[in-house]
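Report on one structure; see the data block that follows.
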Amino acid sequence: MKQVPLFINGEWVDSKSTRTIDVTNPATQEVIAKVPCATKAEMTAAIESAKQTFKTWKEVPVPQRARVMMNYAYLLKKHQEEIAGIICEELGKTKEDAMGDVWRGIEVVEHAANIPSMMMGETVENVARNIDTYSYTQPLGVCVGITPFNFPAMIPLWMFPLAVACGNTFILKPSEQDPLTPTRLVELFEEAGAPKGVLQVVHGDKEQVDILLNEPEVKAISFVGSVGVGQYIYKTGTDNMKRVQAFLGAKNHMVVMPDANKDAVVNNIVGASVGAAGQRCMAISVAVFVGEAQKWIPEIQQKLASVRPGHYTDPEAAYGPQITPQAKVRIESLIAQGKKEGATCVLDGSGCEVPGFPNGNWVGPTMFTDVTEEMEIYKQEIFGPVFLTMNVDTLDDAIDLINRNPYGNGTSIFTSSGGSARKYQHNIEVGQVGINIPIPVPLPFFSFTGWKGSFAGDQHAYGKQAVKFYTETKTITSRWFDEETAASGPNMSITL
Ligand code: NAD
């Protein structure tokens, strides 16, 4: 059985750990690899190598660092299909969706190739007579990324290319559920010319994350994952005086106005709710119908019923399996609880079977109407292909409802009214808003700006905010004497 290697000081090494976790194909339960939980000594070696390499990497000229990113983007494009194939095997995404997972990561790498202009500081000449002030952005040191299972290419690529382009070294702790994709990403990074020791990969779970959280050499931590884990990482990391950005769970709403284009509403809801088996932090899991718009609900139900999950080799499959049998059990128990709590289950995907794949973690498209705020299916992030509908009378009611929700990752409004769209974008307390766009994930020259319970920290992923997160500003106030200025007497006040 293949054991996933660690990447320490530029070498792929087999861990000496006796504790391993199975990596399984979620469509078949076949164990495709074993991922080791790195030993204390291996963790120390990775941290030490990152610390030592920082001393030399930060001195590499910025255009040279940018060139590594250019090569890397090229290599990722060349290997996009191959990487997507690994995602299909270990996570079960459809081919098209897996290609998208890689592509959205490539876009961040392309963005990281612009690092010289993104790292520019500020200058003001003559802040006082003969005195100039200017600032530089300098890297922090060793940075860490802890990533979730659901985008094994895109999310690691949100993190290490920008951190490394800024001059930091980086330790990646990928999800133990699909570590083969990040392994391939890192091999290609090496091939792109990243020097030995700039990027390390360690594997494991809480035990290995705790070592990183408590390591004084680690200056910043980027985390993406579930709420409880992210809050723990944020609290522990900041208690240890590190910078932390933590991207957490979500419950994303779409508002449907009666003046929206009906066909667009129906098609977009189907894709955004159950696409990727609902395993997206930006999935639309609740639609809020305003007034007459609720008459479209039966058509959405009909369209959702025509969608089915399947294996990635089946071109008709709309989405793949859930990541684990436990995830499937959890989703099915939430469906059962929704029924018990009085929501109307108009489409039930429990007990779903896919011919030829009896052991897959399949959940069929599921839809509830008559959902209320008190129900568990509304309160919890289900992270499965389960779509909820709610009805309100006015746009203001929809805004109030969504603003009461503790999460704030993404939202969208479907309407043909500029006035309604403007009111919504201005008043909604959610960090990423789509207008007739169901999943408004910003491209990398913006930042991924989830709010409220969906984020802890202040600087977000990619874009200018990530450059701020991965750098420190140094401000220099400078004066050069000539004979006349040097001769002026002592200055006893704090004014310049
Ligand atoms: P998870 O929290 O289980 O795991 C994320 C990472 O944390 C993994 O690397 C895992 O090994 C590690 N981890 C798990 N338990 C830990 C613990 N007790 N202590 C320290 N580290 C621990 O998340 P997941 O199931 O892999 O991913 C799904 C979640 O990620 C969903 O909640 C989803 O909404 C969220 N997510 C959020 C965003 C966003 O941008 N807000 C993006 C993608 C996914």
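Can you name the residue in the range 450-494 that is part of a loop (DSSP other than H, G, I, E, B), of a type in the set (S, T, N, Q) and in contact (Cβ under 8 Å) with a residue 40 or more places away in the chain and is also farthest from LYS58 (Cα to Cα) among such residues? Within the range 450-494, the match that is farthest from LYS58 (Cα to Cα) is SER454.
Flag set for GLU207, criterion: near the ligand (Cβ under 9 Å from one of its atoms), among the acidic types (Asp, Glu) and at pLDDT 95 or above. Of the set (1) within 20 Å of THR53 (Cα to Cα); (2) assigned to a helix (DSSP H, G or I), all apply to GLY193 but (2). Of the helices (runs of 4 or more DSSP H) lying entirely inside the range 313-409, those carrying at least 1 residues that are under 29 Å from ASP259 (Cα atoms) are 376-379, 395-404. LYS2 fulfils the conditions (1) on the phi < 0 side of the Ramachandran plot; (2) modelled with pLDDT of 95 or more except for a single criterion, (2).
Count of the range 205-219 residues, restricted to those that are in contact (Cβ under 8 Å) with a residue 60 or more places away in the chain and either closer than 12 Å to ILE146 by Cβ or assigned to a helix (DSSP H, G or I) (or both), is 7.
Within the set PRO440, PRO444, the sole residue that is touching a helix residue (DSSP H, G or I) at 6+ places or on another chain (Cβ under 6 Å), modelled with pLDDT of 95 or more, in a loop (DSSP other than H, G, I, E, B) and within 16 Å of the ligand (Cβ to nearest atom) turns out to be PRO444. Consider ILE413 carefully, then state whether it is more than 16 Å from the ligand (Cβ to nearest atom), buried (at least 16 other Cβ atoms within 10 Å of the Cβ), part of a helix (DSSP H, G or I) and touching a residue at least 12 places away in the same chain (Cβ under 8 Å). No; evaluated as a whole, the condition is false for this residue.
Please go through the range 298-321 and pick out each residue that is crowded, with 19+ Cβ neighbours inside 10 Å, within 27 Å of ASP397 (Cα to Cα) and in contact with a strand residue (DSSP E or B) (Cβ under 6 Å, 6 or more places away or on another chain). LEU304 - this is the single residue of the range 298-321 that is crowded, with 19+ Cβ neighbours inside 10 Å, within 27 Å of ASP397 (Cα to Cα) and in contact with a strand residue (DSSP E or B) (Cβ under 6 Å, 6 or more places away or on another chain).
No other residue among ALA27, ALA41, ALA98, ALA33 is out of contact with any Asp or Glu (no Cβ under 7 Å at 6 or more places or on another chain) and in a strand (DSSP E or B) apart from ALA33. The set of residues in the range 222-248 being without any contact (Cβ under 8 Å) to a residue 24 or more places away in the chain, part of a helix (DSSP H, G or I), more than 10 Å from the ligand (Cβ to nearest atom) and not charged (D, E, K, R) consists of THR238 alone. Restricting attention to the range 432-481, the residues that are among the hydroxyl-bearing types (Ser, Thr, Tyr) and exposed (fewer than 15 other Cβ atoms within 10 Å of the Cβ) total 4. Residues that are among the acidic types (Asp, Glu), touching a residue at least 40 places away in the same chain (Cβ under 8 Å) and either within 15 Å of the ligand (Cβ to nearest atom) or part of a strand (DSSP E or B) (or both) within the range 106-154 comprise just one, ASP132. The one condition from (1) free of Cβ contacts under 8 Å to residues at least 60 places away in the same chain; (2) of a type in the set (Val, Ile, Thr); (3) under 21 Å from THR369 (Cα atoms) that ILE269 does not meet is (1). Within the range 336-366, restricting attention to residues that are over 26 Å from the mean Cα position of the chain (by Cα) and aliphatic (A, V, I, L, M), which residue is surrounded by the most Cβ atoms within 10 Å (Cβ to Cβ)? The qualifying residue surrounded by the most Cβ atoms within 10 Å (Cβ to Cβ) is ALA343. Within the range 165-176, the set of residues being more than 16 Å from the ligand (Cβ to nearest atom) and over 21 Å from PRO216 (Cβ atoms) comprises ALA165 only. Among the residues making up the range 76-97, a single one is within 19 Å of the chain's Cα centre (by Cα), more than 13 Å from PRO321 (Cβ to Cβ) and small (Gly, Ala, Ser): ALA84. Among the residues making up the range 129-150, those that are surrounded by 21 or more Cβ atoms within 10 Å (Cβ to Cβ) and touching a Gly at 6+ places or on another chain (Cβ under 8 Å) are PRO139, ILE146, THR147, PRO148. Scan the range 289-312 for residues that are hydroxyl-bearing (Ser, Thr, Tyr) and free of Cβ contacts under 8 Å to residues at least 12 places away in the same chain and the total you get is 1. Please verify whether ILE402 is in contact with a His (Cβ under 8 Å, 6 or more places away or on another chain) and touching a residue at least 60 places away in the same chain (Cβ under 8 Å), treating the condition exactly as stated. So ILE402 fits the description; yes. For the range 250-288, which positions are charged (D, E, K, R) and part of a loop (DSSP other than H, G, I, E, B)? LYS251, ASP259, ARG280, listed by residue number.
When you scan the range 277-289, do you find a residue that is more than 10 Å from the ligand (Cβ to nearest atom) and farther than 30 Å from ASP396 by Cβ, even just one? Within the range 277-289, one or more residues are more than 10 Å from the ligand (Cβ to nearest atom) and farther than 30 Å from ASP396 by Cβ.
The values are calculated or read from the model by the stated rules, or taken from the named source; none is laboratory data. Everything numeric in this text was worked out from a predicted model, so none of it was measured. Every residue, glycine among them, receives a Cβ derived from its backbone with ideal geometry; neighbour counts consider all protein chains shown.
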